[in-house]
Structure formats: C-alpha cells, structure tokens
1. So how far apart, in nm, are the two label points at PHE265 and LEU41 if each is 7 Å from Cα heading toward Cβ?
2. Could you pull the accessible area for TYR134 with a 1.4 Å probe, rounded to 10 Å²?
3. Work out how much length LYS24 to LEU289 would gain on full extension: take 0.36 nm times their residue separation and subtract the Cα-Cα distance, in nm to one decimal.
4. Near the amide H of GLY87, under 5 Å away, which other amide H atoms are found, from residues 5 or more places off or on another chain, if H is placed in the peptide plane?
5. Could you give me the percent of Cα pairs per 10 Å distance bin for the stretch 1-132, shortest bin first, beginning at zero and ending with the bin that holds the maximum distance?
6. May I ask you to evaluate 6.51 cos²θ - 1.76 cosθ + 1.60, the Karplus curve with θ = phi - 60°, for each residue of the stretch 224-240 and list the ³J(HN,Hα) values in order in whole Hz, giving x for glycine and proline?
7. Please label the shape of the stretch 26-88 as rounded, prolate or oblate, based on the square roots a ≥ b ≥ c of the eigenvalues of the alpha-carbon gyration tensor (a/c under 1.5 means rounded; beyond that, a/b larger than b/c means prolate, else oblate).
8. What whole number of Å gives the distance from the Cα centroid of the stretch 33-73 to the Cα centroid of the stretch 146-198?
Amino acid sequence: DMEVIATNLHVYFNISGTQEAPVKNVVFNGIGFRDAAYTYLAPHGVPSGGDWGLERLGAIFFQGTEHCMVNASYFERMDGNGIMLSGYNQYAVLSNNEFAWTGSTAMAAWGFTDELSDGGKHGNDGTTGNFPRYTQVLSNIVRETGIWEKQSSAWFQAKSAQSTLKYNIIYNLARAGVNINDGFGGGNEITENIVFNTCRESSDHGPINSWDRQPFLTLVNGGKPGVIPLTNEIHHNFLVSNYGGVKGGVDNDDGSILYANHDNFEIYGWGLKNGIGCGDHRSYNNVHLYLSIGYRGHTNF
C-alpha cells in the first residue's frame, strides 16, 4: 500500500505578542521540521529599498517577542521560509540549526516602520522600535536554499538592526548567502562565517550583499531620532565568489554606507565593489586570491 501525504501549512508555530506585551523566553530545542507548503504564490511585500520581495511568513513565525530561541533543530524541505522574525523581536537567538532544501529563505527578519509614506509601501519612520533588534544567528548550517524562490538567502534582513551572524556555514544557494536589504539602524556584525557556492542560479551579487537606497529615521544611533545608522562590521569571514556570485565576497551595492570590511579571506570575483552612492566605507587587511577585477565602484576611502 502507498500512502500519499500533502501539506497545506505555511506556518507550523506562530509565536505572537505585541511590543507592549511581548511573548518571552519561548525555546524550540532539538526538533525536526519538514515539508511546509510552498509560499511563492502567497502575498508578497516590498520590505524596503533593496531589490527583493518577500512573504511575511515562516514555518516558525515570531512577532512581538523577547529572548526567544530556536536551537539545534533541523529544517528539511520547507518550501517557504524557515524562520521569520516579523516586527518587534528583541534578543532572538537562532543557533546550531541545519536548513536543507529550503524553498525560499532559511531565516529572515523584517520590521515595521510607519508604513504611511509613499502610499504605505516605503514608510521611513522606525522610531517606534517595531523591528527585530539584537538578533543572534550562530553556528547554523544552511545549504540547498532557494529551491523555488530564487530571490532568497540563508539570512535576509530588512528594517532590522544590530544583528550578529557568527560561526555559520552557508553553501549551495540560488542567490546571495546573506542579504542586508537596507541600512536602517545598522550596527550589524557578520564574522567568522564560511560562505561558498552562492548565486548558482543568478548573478549580480556576492556571497554577502547589501543595499541602502532608502533613508530611515530610527533611535538606534544615540537614542535620538536620526537617519545616520551605526557602522556595520564584516570581518574574519571565509568567502568564495564562485558561480554567479562574482562581484566579490562582500558586495556593498547601491547606497551602502558605513561599512567596515576587514580581515576577510576572499577567493575569486572582484576584490572590492561599491555601488553608486556608497560612502564612509573602509576596507582593509583583507586577503584576495584569483581576482577577476581588483576594484570597481563609486566611493571615497
């Protein structure tokens, strides 16, 4: 006898509170998840000024939380996003997990702004604090990502700040390994990760990609309303720019400001790339091997 099982669930666990009354200290530990339904026909939004569209869904969905964790769990053939941090989430920890054959993005963070300007599409006021902050993404293995949605990554963030990505191994993706969709409040640290075999079904990216085409008003830098984000630091990573990810280990694209990229070991692709409008960018103490172009961009050092 043959048994056929079809799934129709996009979200397995929905952990939702509010910014005023957040859910706290929920932990998923050592659990296997698989076979969530595809989401490529679900309603999508434009998270911010980067190129990507996204569905605000995940097999594990967090919104309005503090100090929640997903640890030592296995995600296999989730045909949408694996984990979504939506809106207010502080001190979330995503650690020691493995993601394989993910339809869209393995882990994503996407905040809310006022959502009023520009017809509700591109609100730029983030002073209410309704966004992911202080997220730690640690020691995860992410592979075979972007099976259905090619605009996908191991880690995606928009309207988020002060995330830490450390000790992750990321490979075999349709597009970038890490995508920072905007500058928002900044203060992100990406360090001691291994990223290779990215952009296998696309191009115009590197293993790590950023955009910053749209200014945001936040309280992140100094506690007072301002549009200048904290500096982002990308350092001590092992980055291989093979397949279509030829624009260097770190592709700081249009408008990306306040980046310190240093002490990375980068193989293939471009040595240094900064898109139009990039500034306040420091790149130093990196090792580059087998480059196709040493430097290409529009910026001052």
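1. About 4.6 nm separates the two model spin labels.
2. 70
3. Gain on extension, LYS24 to LEU289, equals 90.8 nm.
4. So GLY87 has HN proximity to TRP110, GLY111, PHE112.
5. Histogram of Cα-Cα distances, whole percents per bin: 13, 40, 34, 11, 2, 0.
6. 10, x, x, 9, 8, x, 6, 5, 8, 10, 10, 8, 6, 9, 10, 10, 10
7. Oblate shape, in that a/c is at least 1.5 and b/c is the bigger or equal ratio.
8. Comparing the Cα centres of the stretch 146-198 and the stretch 33-73, I get a distance of 14 Å.
The values are calculated or read from the model by the stated rules, or taken from the named source; none is laboratory data. Being a predicted model, the structure only gives us computed values, none of them experimental. Cβ sites come from the backbone with ideal geometry, for glycine too, and all protein chains shown count toward neighbours. The area values use the complete protein model at the heavy-atom level, side chains included, leaving out ligands, DNA and RNA. Shrake-Rupley method; radii C 1.70, N 1.55, O 1.52, S 1.80 Å.
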